[in-house]
Amino acid sequence: MKPLLTFLATFALGAVIALAVRTARHEPHAAPAADPHAGHHHAGHAHTSSGANAQAVPAAAPASSPVNTLCAICGMKADPSLPTATYQGKTIAFGCRMCPPKFKAASDQYGPLYLRNEVVNP
């Protein structure tokens, strides 16, 4: 009986330590930048808009920079090394390999969330 109690106590202690480490390393979703689209237009295209937040964008901005830092589908940090997609002329990145097919199946549902750097269910 004593070895079983020792095992259970060790297991519980390990679980508490793992939970403490995970809590300490937790990074909640970062707030989007003031203008998440600034500097992310395709090179050579000067984009102007008549909206109140219209700004000139440098023509030398890289074309492959994603406009998002969060994956709208899974909520993970966007990984630009994974396959990207284009939505309304802007490059978006995904958090994992499972998200591109979901995005392709419902791009009109997820696309605006990617452009606003929001998650489906925060």
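Assorted remarks:
- For segment 89-100, Karplus couplings with θ = phi - 60° (6.51, -1.76, 1.60), whole Hz, Gly/Pro x: x, 10, 7, 10, 10, 10, x, 7, 6, 7, 7, x
- The 3J(HN,Hα) values that the Karplus relation (6.51, -1.76, 1.60; θ = phi - 60°) gives for segment 14-24 are, in residue order, x, 5, 5, 5, 4, 5, 5, 5, 5, 5, 5 Hz. Gly and Pro appear as x.
- Around the amide H of D79, modelled in the peptide plane, lie the amide H atoms of F94, G95, all under 5 Å away and 5 or more residues distant in sequence or on another chain.
Computed from the coordinates by the stated procedures, all read-outs in this text should not be read as laboratory data. Just so it is clear, the structure is predicted and the values come from calculations on it, not from any experiment.
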